[in-house]
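The values are calculated or read from the model by the stated rules, or taken from the named source; none is laboratory data. All values derive from a computational prediction rather than experimental measurement. Backbone-built Cβ (ideal geometry, glycine too); neighbour counts: all protein chains shown.
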Amino acid sequence: MKNSYYYLLIATTYSVLCIGVSWAESSYNKLKKEMEVKNDIQSPPQVLHKPSIPWWIRLYLSAYSAITDASRRRNGTVNRRLLSIFIVKSPPTRNPVNGVKSSDVTVDPARDLWFRLFVPTSTDAQDSDSLPVIVFFHGGGFAFLSADTKEYDAVCRRIARKVMAVVVSVNYRLAPEHRYPSQFDDGFDVLKFLDDEQSKGILPGNADISRCFLAGDSAGANLAHNVARRASEASFRELKVIGVVAIQPFFGGVKRTAAETRLVKVDPVVSVELTDWAWKAFLPATGEGMVVDRDHEVANVSGPRAVDISKLDFPATMVVVSGFDPLQDWQRRYYEWLKRSGKETYLLEYPNMIHAFYLFPQLPESLHVIQQVKDFIHKQCSKC
(Lines give C-alpha, C1' and ligand atoms only; values in the text may rest on other atoms or scores of the structure.)
Protein backbone atom coordinates (compact mmCIF):
# COMPACT_ATOMS: atom_id res chain seq x y z
CA MET A 1 0.00 0.00 0.00
CA LYS A 2 2.85 2.39 0.86
CA ASN A 3 4.39 1.74 -2.56
CA SER A 4 1.07 2.58 -4.21
CA TYR A 5 0.91 5.93 -2.45
CA TYR A 6 4.55 6.58 -3.35
CA TYR A 7 3.98 5.88 -7.04
CA LEU A 8 0.82 8.00 -6.99
CA LEU A 9 2.76 10.90 -5.51
CA ILE A 10 5.45 10.55 -8.16
CA ALA A 11 2.83 10.34 -10.91
CA THR A 12 1.04 13.47 -9.69
CA THR A 13 4.27 15.44 -9.33
CA TYR A 14 5.57 14.34 -12.72
CA SER A 15 2.26 15.16 -14.43
CA VAL A 16 2.24 18.66 -12.95
CA LEU A 17 5.84 19.16 -14.03
CA CYS A 18 5.09 17.98 -17.56
CA ILE A 19 2.33 20.60 -17.76
CA GLY A 20 4.80 23.18 -16.46
CA VAL A 21 7.40 22.21 -19.03
CA SER A 22 4.82 22.39 -21.82
CA TRP A 23 3.84 25.87 -20.66
CA ALA A 24 7.48 26.93 -20.51
CA GLU A 25 8.11 25.54 -24.00
CA SER A 26 5.09 27.44 -25.29
CA SER A 27 6.40 30.66 -23.79
CA TYR A 28 9.82 29.94 -25.23
CA ASN A 29 8.43 29.43 -28.74
CA LYS A 30 6.73 32.83 -28.58
CA LEU A 31 10.03 34.47 -27.71
CA LYS A 32 12.43 32.30 -29.68
CA LYS A 33 13.16 35.01 -32.25
CA GLU A 34 14.55 37.14 -29.46
CA MET A 35 16.43 34.17 -27.98
CA GLU A 36 17.99 33.05 -31.26
CA VAL A 37 21.66 32.24 -30.82
CA LYS A 38 23.95 34.89 -32.29
CA ASN A 39 27.46 34.32 -33.49
CA ASP A 40 28.80 36.66 -30.79
CA ILE A 41 27.07 34.93 -27.88
CA GLN A 42 29.36 34.62 -24.87
CA SER A 43 29.92 31.69 -22.54
CA PRO A 44 28.42 32.03 -19.03
CA PRO A 45 30.30 34.56 -16.87
CA GLN A 46 31.39 34.19 -13.24
CA VAL A 47 31.09 30.94 -11.32
CA LEU A 48 28.22 30.82 -8.83
CA HIS A 49 28.01 28.97 -5.51
CA LYS A 50 25.01 27.01 -6.74
CA PRO A 51 23.66 26.05 -10.19
CA SER A 52 21.80 28.80 -12.06
CA ILE A 53 18.88 26.52 -12.87
CA PRO A 54 15.19 27.54 -12.56
CA TRP A 55 13.35 25.79 -9.75
CA TRP A 56 10.95 24.03 -12.12
CA ILE A 57 13.80 22.41 -14.09
CA ARG A 58 15.41 21.23 -10.86
CA LEU A 59 12.05 19.85 -9.68
CA TYR A 60 11.40 18.19 -13.03
CA LEU A 61 14.78 16.45 -12.98
CA SER A 62 14.32 15.48 -9.33
CA ALA A 63 11.00 13.84 -10.20
CA TYR A 64 12.64 11.97 -13.07
CA SER A 65 15.36 10.77 -10.70
CA ALA A 66 12.74 9.62 -8.20
CA ILE A 67 11.05 7.57 -10.93
CA THR A 68 14.27 5.89 -12.06
CA ASP A 69 15.24 5.24 -8.43
CA ALA A 70 11.86 3.63 -7.80
CA SER A 71 12.31 1.43 -10.88
CA ARG A 72 15.61 -0.02 -9.63
CA ARG A 73 14.82 -3.25 -7.83
CA ARG A 74 16.96 -4.64 -5.02
CA ASN A 75 17.96 -7.65 -7.13
CA GLY A 76 19.64 -5.36 -9.68
CA THR A 77 16.88 -5.48 -12.31
CA VAL A 78 14.78 -2.59 -13.62
CA ASN A 79 10.99 -2.32 -13.44
CA ARG A 80 10.37 -1.43 -17.09
CA ARG A 81 6.60 -1.47 -16.62
CA LEU A 82 6.82 1.26 -14.00
CA LEU A 83 9.02 3.38 -16.25
CA SER A 84 6.61 2.99 -19.16
CA ILE A 85 3.88 4.60 -17.07
CA PHE A 86 5.80 7.78 -16.34
CA ILE A 87 8.35 8.37 -19.11
CA VAL A 88 6.69 10.35 -21.92
CA LYS A 89 7.46 9.31 -25.50
CA SER A 90 6.97 11.12 -28.80
CA PRO A 91 5.82 9.47 -32.04
CA PRO A 92 7.62 10.05 -35.35
CA THR A 93 6.22 12.85 -37.49
CA ARG A 94 5.94 12.24 -41.23
CA ASN A 95 4.76 15.82 -41.63
CA PRO A 96 7.32 18.46 -40.61
CA VAL A 97 7.19 19.75 -37.03
CA ASN A 98 9.36 22.79 -36.30
CA GLY A 99 11.01 22.37 -39.69
CA VAL A 100 11.94 18.70 -39.26
CA LYS A 101 10.23 15.45 -40.22
CA SER A 102 11.02 12.12 -38.59
CA SER A 103 10.52 8.40 -39.12
CA ASP A 104 11.59 5.16 -37.42
CA VAL A 105 13.87 2.74 -39.26
CA THR A 106 14.39 -0.88 -38.18
CA VAL A 107 17.94 -2.24 -38.33
CA ASP A 108 17.51 -5.61 -36.61
CA PRO A 109 14.07 -6.64 -35.29
CA ALA A 110 15.55 -9.62 -33.42
CA ARG A 111 17.23 -7.29 -30.92
CA ASP A 112 14.82 -4.35 -31.33
CA LEU A 113 17.59 -2.25 -32.88
CA TRP A 114 16.20 0.78 -34.67
CA PHE A 115 16.80 4.48 -35.08
CA ARG A 116 14.72 7.61 -35.42
CA LEU A 117 15.64 9.57 -38.52
CA PHE A 118 15.35 13.37 -38.39
CA VAL A 119 15.46 15.26 -41.69
CA PRO A 120 15.37 19.09 -41.88
CA THR A 121 12.80 20.35 -44.37
CA SER A 122 13.78 23.99 -44.79
CA THR A 123 14.37 25.27 -48.30
CA ASP A 124 18.08 25.67 -47.56
CA ALA A 125 18.33 22.06 -46.35
CA GLN A 126 16.48 20.70 -49.36
CA ASP A 127 18.59 22.76 -51.77
CA SER A 128 21.88 21.76 -50.15
CA ASP A 129 24.05 19.40 -52.17
CA SER A 130 25.43 17.73 -49.04
CA LEU A 131 24.09 17.43 -45.50
CA PRO A 132 26.28 15.96 -42.74
CA VAL A 133 24.95 12.93 -40.89
CA ILE A 134 24.94 12.92 -37.08
CA VAL A 135 24.55 9.52 -35.42
CA PHE A 136 23.22 10.34 -31.95
CA PHE A 137 23.21 8.18 -28.80
CA HIS A 138 20.86 9.10 -25.97
CA GLY A 139 21.91 9.19 -22.32
CA GLY A 140 20.45 7.37 -19.34
CA GLY A 141 23.32 5.47 -17.74
CA PHE A 142 23.09 2.69 -20.37
CA ALA A 143 19.94 1.51 -18.54
CA PHE A 144 17.20 4.10 -19.08
CA LEU A 145 15.42 6.17 -21.74
CA SER A 146 15.21 5.63 -25.51
CA ALA A 147 15.40 7.34 -28.88
CA ASP A 148 11.69 8.20 -28.70
CA THR A 149 11.77 9.69 -25.20
CA LYS A 150 10.19 13.14 -25.46
CA GLU A 151 13.31 15.06 -24.42
CA TYR A 152 15.56 13.25 -26.88
CA ASP A 153 13.08 13.51 -29.73
CA ALA A 154 12.97 17.25 -29.11
CA VAL A 155 16.73 17.79 -28.83
CA CYS A 156 17.48 15.75 -31.98
CA ARG A 157 14.86 17.77 -33.81
CA ARG A 158 16.56 20.99 -32.67
CA ILE A 159 19.99 19.72 -33.72
CA ALA A 160 18.71 18.70 -37.16
CA ARG A 161 17.13 22.11 -37.69
CA LYS A 162 19.86 24.33 -36.21
CA VAL A 163 22.87 22.45 -37.57
CA MET A 164 21.07 21.63 -40.83
CA ALA A 165 22.04 17.98 -40.66
CA VAL A 166 20.41 14.57 -40.91
CA VAL A 167 20.22 13.05 -37.42
CA VAL A 168 20.13 9.28 -36.80
CA SER A 169 19.08 8.72 -33.16
CA VAL A 170 19.94 5.15 -32.17
CA ASN A 171 17.69 3.05 -29.96
CA TYR A 172 20.23 0.63 -28.50
CA ARG A 173 19.69 -2.23 -26.04
CA LEU A 174 19.70 -1.37 -22.34
CA ALA A 175 21.42 -2.73 -19.24
CA PRO A 176 21.10 -4.71 -17.05
CA GLU A 177 19.20 -6.98 -19.46
CA HIS A 178 21.98 -6.43 -22.00
CA ARG A 179 25.46 -5.75 -20.70
CA TYR A 180 28.58 -4.49 -22.43
CA PRO A 181 29.37 -4.80 -25.32
CA SER A 182 25.73 -4.98 -26.50
CA GLN A 183 25.30 -1.20 -26.68
CA PHE A 184 28.58 -0.73 -28.56
CA ASP A 185 27.70 -3.53 -30.96
CA ASP A 186 24.36 -1.84 -31.65
CA GLY A 187 25.99 1.52 -32.31
CA PHE A 188 28.62 0.09 -34.62
CA ASP A 189 26.04 -2.03 -36.47
CA VAL A 190 24.02 1.11 -37.21
CA LEU A 191 27.13 2.54 -38.92
CA LYS A 192 27.46 -0.63 -40.99
CA PHE A 193 23.75 -0.44 -41.83
CA LEU A 194 24.10 3.15 -43.07
CA ASP A 195 27.14 2.15 -45.14
CA ASP A 196 25.38 -0.82 -46.73
CA GLU A 197 24.47 -0.47 -50.40
CA GLN A 198 21.05 -1.97 -49.64
CA SER A 199 20.27 0.88 -47.22
CA LYS A 200 20.37 3.51 -49.95
CA GLY A 201 17.09 5.34 -50.15
CA ILE A 202 16.53 5.35 -46.40
CA LEU A 203 18.50 8.56 -45.94
CA PRO A 204 17.64 11.60 -48.08
CA GLY A 205 19.57 11.86 -51.33
CA ASN A 206 21.74 14.73 -50.12
CA ALA A 207 22.79 13.01 -46.87
CA ASP A 208 26.57 12.62 -46.98
CA ILE A 209 27.77 9.66 -44.89
CA SER A 210 31.37 10.52 -45.75
CA ARG A 211 30.82 13.44 -43.37
CA CYS A 212 29.52 11.47 -40.41
CA PHE A 213 29.60 12.59 -36.77
CA LEU A 214 28.98 10.56 -33.63
CA ALA A 215 27.29 12.49 -30.85
CA GLY A 216 25.65 11.82 -27.52
CA ASP A 217 25.20 12.96 -23.97
CA SER A 218 26.19 11.21 -20.73
CA ALA A 219 26.23 7.44 -21.42
CA GLY A 220 25.49 8.30 -25.05
CA ALA A 221 28.71 10.33 -25.21
CA ASN A 222 30.60 7.33 -23.82
CA LEU A 223 29.02 5.29 -26.61
CA ALA A 224 29.99 7.92 -29.20
CA HIS A 225 33.63 7.73 -28.10
CA ASN A 226 33.85 3.94 -28.01
CA VAL A 227 31.97 3.44 -31.28
CA ALA A 228 34.25 6.04 -32.89
CA ARG A 229 37.27 4.11 -31.63
CA ARG A 230 35.92 0.91 -33.15
CA ALA A 231 35.07 2.72 -36.39
CA SER A 232 38.62 4.12 -36.64
CA GLU A 233 39.90 0.54 -36.78
CA ALA A 234 37.34 -0.60 -39.37
CA SER A 235 36.90 -0.23 -43.11
CA PHE A 236 33.73 1.20 -44.63
CA ARG A 237 32.52 1.49 -48.18
CA GLU A 238 31.60 5.19 -48.03
CA LEU A 239 30.99 6.13 -44.42
CA LYS A 240 33.67 8.13 -42.61
CA VAL A 241 33.46 9.43 -39.04
CA ILE A 242 35.06 12.88 -38.99
CA GLY A 243 33.97 14.16 -35.58
CA VAL A 244 32.72 13.27 -32.11
CA VAL A 245 30.46 15.46 -29.95
CA ALA A 246 30.71 14.30 -26.33
CA ILE A 247 28.22 16.22 -24.18
CA GLN A 248 28.91 15.63 -20.47
CA PRO A 249 30.21 12.09 -21.12
CA PHE A 250 29.64 9.37 -18.53
CA PHE A 251 33.06 8.07 -17.54
CA GLY A 252 34.23 6.77 -14.19
CA GLY A 253 36.87 4.96 -12.20
CA VAL A 254 37.57 3.15 -8.96
CA LYS A 255 39.04 6.13 -7.13
CA ARG A 256 36.62 8.96 -6.35
CA THR A 257 37.37 12.36 -7.84
CA ALA A 258 37.22 15.69 -6.04
CA ALA A 259 34.00 16.63 -7.84
CA GLU A 260 32.31 13.34 -6.94
CA THR A 261 33.18 13.92 -3.29
CA ARG A 262 32.34 17.62 -3.26
CA LEU A 263 29.11 17.74 -5.27
CA VAL A 264 26.89 15.56 -3.08
CA LYS A 265 23.14 16.19 -3.51
CA VAL A 266 23.88 19.22 -5.69
CA ASP A 267 23.04 17.77 -9.11
CA PRO A 268 19.45 16.42 -9.22
CA VAL A 269 20.35 13.76 -11.82
CA VAL A 270 23.79 12.36 -10.99
CA SER A 271 24.89 10.82 -7.70
CA VAL A 272 27.74 8.46 -6.82
CA GLU A 273 25.21 5.86 -5.69
CA LEU A 274 23.47 5.97 -9.08
CA THR A 275 26.66 5.89 -11.15
CA ASP A 276 28.00 2.96 -9.12
CA TRP A 277 24.75 1.10 -9.79
CA ALA A 278 24.89 1.96 -13.51
CA TRP A 279 28.44 0.65 -13.93
CA LYS A 280 27.57 -2.53 -12.05
CA ALA A 281 24.53 -3.04 -14.30
CA PHE A 282 26.45 -2.29 -17.50
CA LEU A 283 29.91 -3.81 -17.19
CA PRO A 284 30.38 -7.55 -17.75
CA ALA A 285 30.09 -9.69 -14.65
CA THR A 286 33.35 -10.71 -12.98
CA GLY A 287 34.34 -14.16 -14.21
CA GLU A 288 36.89 -16.75 -13.22
CA GLY A 289 40.33 -15.19 -13.23
CA MET A 290 38.89 -11.85 -14.38
CA VAL A 291 38.21 -8.79 -12.24
CA VAL A 292 35.86 -6.18 -13.68
CA ASP A 293 35.61 -2.81 -11.96
CA ARG A 294 35.11 0.86 -12.79
CA ASP A 295 38.64 1.09 -14.19
CA HIS A 296 37.49 -1.04 -17.13
CA GLU A 297 38.72 0.40 -20.43
CA VAL A 298 35.24 1.55 -21.48
CA ALA A 299 34.47 3.21 -18.14
CA ASN A 300 37.77 4.87 -17.28
CA VAL A 301 38.79 5.50 -20.87
CA SER A 302 41.77 7.63 -19.87
CA GLY A 303 42.77 5.46 -16.91
CA PRO A 304 45.33 2.74 -16.21
CA ARG A 305 43.77 0.30 -18.69
CA ALA A 306 43.10 2.86 -21.41
CA VAL A 307 43.27 1.76 -25.02
CA ASP A 308 46.06 3.53 -26.89
CA ILE A 309 44.49 5.62 -29.65
CA SER A 310 47.60 7.61 -30.53
CA LYS A 311 48.16 5.64 -33.73
CA LEU A 312 44.47 5.48 -34.69
CA ASP A 313 42.75 7.86 -37.07
CA PHE A 314 40.50 9.03 -34.24
CA PRO A 315 38.33 12.02 -35.22
CA ALA A 316 38.28 15.54 -33.83
CA THR A 317 36.30 15.68 -30.59
CA MET A 318 34.28 18.36 -28.81
CA VAL A 319 33.83 17.82 -25.05
CA VAL A 320 31.13 19.66 -23.06
CA VAL A 321 31.57 19.99 -19.27
CA SER A 322 29.45 21.71 -16.62
CA GLY A 323 30.61 23.02 -13.26
CA PHE A 324 28.00 21.32 -11.07
CA ASP A 325 28.19 17.90 -12.72
CA PRO A 326 29.84 15.34 -10.39
CA LEU A 327 31.30 13.68 -13.52
CA GLN A 328 33.26 16.77 -14.59
CA ASP A 329 36.71 15.59 -13.44
CA TRP A 330 36.42 12.43 -15.55
CA GLN A 331 35.35 14.56 -18.51
CA ARG A 332 38.33 16.91 -18.20
CA ARG A 333 40.68 13.94 -17.87
CA TYR A 334 39.18 12.62 -21.09
CA TYR A 335 39.88 15.92 -22.83
CA GLU A 336 43.48 16.01 -21.55
CA TRP A 337 43.99 12.36 -22.54
CA LEU A 338 42.82 13.08 -26.09
CA LYS A 339 45.31 15.94 -26.31
CA ARG A 340 48.14 13.76 -24.99
CA SER A 341 47.18 11.17 -27.60
CA GLY A 342 47.77 13.79 -30.28
CA LYS A 343 44.10 14.23 -31.23
CA GLU A 344 42.28 17.41 -32.19
CA THR A 345 39.99 18.25 -29.29
CA TYR A 346 37.98 21.18 -27.96
CA LEU A 347 36.70 21.84 -24.43
CA LEU A 348 33.51 23.80 -23.82
CA GLU A 349 32.70 24.60 -20.18
CA TYR A 350 29.53 25.86 -18.49
CA PRO A 351 30.54 26.63 -14.89
CA ASN A 352 27.03 27.20 -13.54
CA MET A 353 25.20 24.28 -15.15
CA ILE A 354 24.24 20.76 -14.04
CA HIS A 355 24.10 17.39 -15.81
CA ALA A 356 21.57 17.28 -18.70
CA PHE A 357 21.07 21.07 -18.77
CA TYR A 358 21.28 21.19 -22.56
CA LEU A 359 17.99 19.28 -22.90
CA PHE A 360 16.12 22.44 -21.85
CA PRO A 361 15.98 25.04 -24.64
CA GLN A 362 14.64 27.59 -22.15
CA LEU A 363 18.22 27.95 -20.86
CA PRO A 364 20.51 30.30 -22.83
CA GLU A 365 23.36 27.86 -22.21
CA SER A 366 21.40 25.15 -24.01
CA LEU A 367 21.08 27.37 -27.06
CA HIS A 368 24.78 28.12 -26.86
CA VAL A 369 25.67 24.41 -26.87
CA ILE A 370 23.67 23.78 -30.04
CA GLN A 371 25.36 26.74 -31.71
CA GLN A 372 28.79 25.43 -30.72
CA VAL A 373 27.90 21.97 -32.04
CA LYS A 374 26.90 23.60 -35.32
CA ASP A 375 30.17 25.55 -35.51
CA PHE A 376 32.24 22.45 -34.71
CA ILE A 377 30.48 20.34 -37.34
CA HIS A 378 30.72 22.99 -40.03
CA LYS A 379 34.42 23.49 -39.23
CA GLN A 380 35.16 19.78 -39.63
CA CYS A 381 33.08 19.57 -42.81
CA SER A 382 35.01 22.47 -44.32
CA LYS A 383 38.17 20.34 -44.15
CA CYS A 384 36.69 17.61 -46.34
Segments classed as helices (runs of 4 or more DSSP H), wholly inside the stretch 217-325, with at least 2 members that are out of contact with any Phe, Trp or Tyr (no Cβ under 8 Å at 6 or more places or on another chain), without any contact (Cβ under 8 Å) to a residue 60 or more places away in the chain and among the charged types (D, E, K, R): 272-282
Candidates VAL244, VAL301, filtered to the one that is surrounded by 23 or more Cβ atoms within 10 Å (Cβ to Cβ), within 25 Å of GLN372 (Cα to Cα) and in contact with a Leu (Cβ under 9 Å, 6 or more places away or on another chain): VAL244
Filtered residue count, the stretch 153-192, keeping only those that are part of a loop (DSSP other than H, G, I, E, B) and of a type outside the set (Phe, Trp, Tyr): 10
Residue within the stretch 113-130 that is surrounded by fewer than 13 Cβ atoms within 10 Å (Cβ to Cβ), in a loop (DSSP other than H, G, I, E, B), touching a residue at least 40 places away in the same chain (Cβ under 8 Å) and hydroxyl-bearing (Ser, Thr, Tyr) present: yes
Test for SER146: is it surrounded by 24 or more Cβ atoms within 10 Å (Cβ to Cβ) and not in a helix (DSSP H, G or I): no
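Residue-by-condition table, conditions (1) at pLDDT below 95; (2) small (Gly, Ala, Ser); (3) touching an Asp or Glu at 6+ places or on another chain (Cβ under 9 Å):
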position	(1), (2), (3)
ARG262	no, no, no
ASP276	no, no, no
LYS280	no, no, no
ALA299	no, yes, yes
ASP329	no, no, yes
TYR334	no, no, no
PHE357	no, no, yes
Residue within the stretch 93-112 that is surrounded by fewer than 22 Cβ atoms within 10 Å (Cβ to Cβ), touching a residue at least 24 places away in the same chain (Cβ under 8 Å) and within 20 Å of ASP217 (Cα to Cα) present: no
Which listed residue, of VAL369, VAL307, is within 16 Å of the chain's Cα centre (by Cα) and within 26 Å of THR275 (Cβ to Cβ): VAL369
Restricting the stretch 47-92 to residues that are part of a helix (DSSP H, G or I) and polar (S, T, N, Q), the residue that is surrounded by the most Cβ atoms within 10 Å (Cβ to Cβ): THR68
Test: residue in the stretch 354-375 that is farther than 26 Å from THR149 by Cα and either surrounded by fewer than 18 Cβ atoms within 10 Å (Cβ to Cβ) or in contact with a strand residue (DSSP E or B) (Cβ under 9 Å, 6 or more places away or on another chain) (or both): yes
Index of the failed condition, ARG230 passing every other in (1) touching a Ser or Thr at 6+ places or on another chain (Cβ under 7 Å); (2) of a type outside the set (A, V, I, L, M, F, W, C); (3) surrounded by fewer than 24 Cβ atoms within 10 Å (Cβ to Cβ); (4) under 23 Å from ALA147 (Cβ atoms): (1)
Hits in the stretch 193-206 (condition: at pLDDT 95 or above, touching a helix residue (DSSP H, G or I) at 6+ places or on another chain (Cβ under 9 Å) and not in a loop (DSSP other than H, G, I, E, B)): PHE193
Criterion violated by ASP217 - all others in (1) surrounded by 19 or more Cβ atoms within 10 Å (Cβ to Cβ); (2) at pLDDT below 95; (3) among the acidic types (Asp, Glu) satisfied: (2)
Selection count, the stretch 220-267, where residues are in contact with a strand residue (DSSP E or B) (Cβ under 7 Å, 6 or more places away or on another chain) and among the hydrophobic types (A, V, I, L, M, F, W, C): 13
Out of LEU274, LEU223, LEU203, LEU283, sole residue that is buried (at least 23 other Cβ atoms within 10 Å of the Cβ) and among the aliphatic types (A, V, I, L, M): LEU223
Residue within the stretch 111-124 that is farther than 25 Å from CYS381 by Cβ and among the hydroxyl-bearing types (Ser, Thr, Tyr) present: no
Selection status of SER169, touching a residue at least 24 places away in the same chain (Cβ under 8 Å) and among the polar types (S, T, N, Q): yes
LEU174, sole failed condition from (1) surrounded by 15 or more Cβ atoms within 10 Å (Cβ to Cβ); (2) more than 19 Å from PHE282 (Cβ to Cβ); (3) of a type outside the set (D, E, K, R): (2)
Extreme residue, surrounded by the most Cβ atoms within 10 Å (Cβ to Cβ), among residues of the stretch 327-353 that are of a type in the set (Asp, Glu) and not in a helix (DSSP H, G or I): GLU349
